[in-house]
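One structure below.
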Amino acid sequence: DLLGQPVPGSSPVPFAPGLVTTEHSDGCVGFGLDGNLFVYQRYENRVSSIFEMVRRGERWGRPVKLPFSESHQVGDFTLAADGRTMYFQSNIPVAGIGPDAEGGNIWMAVRNNDGWTEPVILGPEINSKWHDSYPHAAPDGTLYFFSRRPGGFGMSDLYVSHRVDGGFADAENLGPVLNTEAHEWDPFVSPEQDFMIFCSTKDGGLGEDDLYVSFRNDAGGWSEPVNMGEPINSSGSENRPWITPDGRYFFFTSTRPGAGRRDVYWMDAAVIEDYRD
C-alpha cells in the first residue's frame with residue numbers, strides 16, 4: 001500500500017496527485033519501516049524541508065515535518081535498505097566544514113519507535129569543504145554520493161566510500177567511465193550493487209539533465225552509461241532516482257512539459273532490465 005495509489009505500468013506517471021504531486025516543487029522520496037513510513041522532500045519558498053507520513057493499521061497519518069528540518073534546510077536524502085537509516089545533505093553549521101564553502105555536508109539519522117535520532121555528521125572520509133550530496137547506502141554500508149570537490153573529472157563527480165572497521169574508508173572517485181567534464185550526480189545503486197542509475201548534464205541528452213544507467217561488468221567495473229531515453233527522460237530535468245526496497249517501483253523527479261514545477265514520478269522498475277544488454 002504505497003499511500004493507496006494505483007499500481008503504475010511501464011510509463012512514468014505522477015505519484016500521489018494532490019498529496020505528493022501538488023503545486024509545490026518536490027524532490028526525494030522513500031518508503032521504509034516495511035512500507036509503513038513515507039518520507040519526502042518539498043520546496044516551499046525555495047527552502048527544502050523533509051516530511052514524513054506514518055501508517056498505523058490501515059490509515060496513513062498526516063504529513064509531519066522532521067524535527068531537524070525545522071531549524072535548518074535539509075536537502076536531498078535517501079532511505080537505506082534497512083528502512084530506518086536516512087542519509088541526507090544539510091547546511092547544518094559545523095565548525096571548519098561547509099559554512100565557509102558551499103554548505104553541503106552529508107549527515108545520518110535513524111528512525112526508531114520514538115521518532116528520529118539527532119543527526120550525526122559523517123566524517124572527513126566523506127565530507128569535504130565543497131558540496132557533498134545525494135548519499136545512498138547499499139545494504140553492506142557502502143555509500144555512494146556526488147561531490148563538487150576539486151580533483152575530479154568535471155563540475156560534479158560520483159564517489160564511493162566503503163565500510164571499514166565500523167567506519168568509512170576515504171571516498172574514491174568512480175572514474176571517467178561514469179564521470180565527465182559535466183555534472184554527474186544523484187547516484188542510486190541496486191542492493192546487489194550490480195547497477196547504478198544517476199543523472200548527468202553531459203552532451204547528448206534529451207534535456208537539462210537526464211537519467212542514465214550503468215551495469216557492473218565481469219571485471220567488477222562499470223559499463224558505459226546508457227541514456228534511459230523516453231518516456232523516462234524529457235526536454236526538462238530528470239533526477240533523484242530511487243527504487244523501492246522490494247525492487248518493484250522506480251521513482252524519480254521531473255520538470256517535463258505538463259509537470260507542475262518539479263514533480264515526483266513513478267513506474268514499474270522492471271524497465272531497468274531492458275537496458276542490461
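The values are calculated or read from the model by the stated rules, or taken from the named source; none is laboratory data. Every value quoted in this text rests on a predicted model; they were computed, and no experiment measured them. Cβ: placed from backbone, ideal geometry, glycine included. Neighbour counts: every protein chain shown. Heads up: the accessible areas ignore ligands, DNA and RNA and are worked out on the full protein's heavy atoms, side chains in. Shrake-Rupley method; radii C 1.70, N 1.55, O 1.52, S 1.80 Å.
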| remark: Checked Pro124, Pro119, Pro63 against criteria (open to solvent by 20 Å² or more (accessible area, probe 1.4 Å), closer than 27 Å to Gly247 by Cα and not hydrophobic (A, V, I, L, M, F, W, C)); the one match is Pro63
| request: Mind counting the residues in the range 143-177 that are in contact with a Pro (Cβ under 7 Å, 6 or more places away or on another chain) and buried (at least 24 other Cβ atoms within 10 Å of the Cβ)? | output: 5
| When you go through (1) free of Cβ contacts under 8 Å to residues at least 40 places away in the same chain; (2) of a type outside the set (A, V, I, L, M); (3) farther than 25 Å from Leu79 by Cα; (4) surrounded by fewer than 19 Cβ atoms within 10 Å (Cβ to Cβ) one by one for Ser234, which number turns out not to apply? | (4)
| remark: Taking the range 261-277 and keeping residues without any contact (Cβ under 8 Å) to a residue 40 or more places away in the chain and open to solvent by less than 20 Å² (accessible area, probe 1.4 Å) leaves Ala269
| said: Just to verify a result, which residue in the range 11-60, among those that are surrounded by 11 or more Cβ atoms within 10 Å (Cβ to Cβ) and of a type in the set (S, T, N, Q), is farthest from Phe252 (Cα to Cα)? | reply: Asn36
| note | Conditions (1) open to solvent by 20 Å² or more (accessible area, probe 1.4 Å); (2) within 20 Å of Ser133 (Cβ to Cβ) -> Ala109 fails only (1)
| task | Quickly run through the range 237-260 and pick out the residues that are part of a loop (DSSP other than H, G, I, E, B) and crowded, with 17+ Cβ neighbours inside 10 Å. | result | Thr244, Pro245, Thr255, Arg256, Ala259
| query | For the range 208-221, which residues satisfy the criterion of being open to solvent by 30 Å² or more (accessible area, probe 1.4 Å) and either within 19 Å of Ser254 (Cα to Cα) or assigned to a loop (DSSP other than H, G, I, E, B) (or both)? | reply | Glu208, Asn217, Asp218, Ala219, Gly220
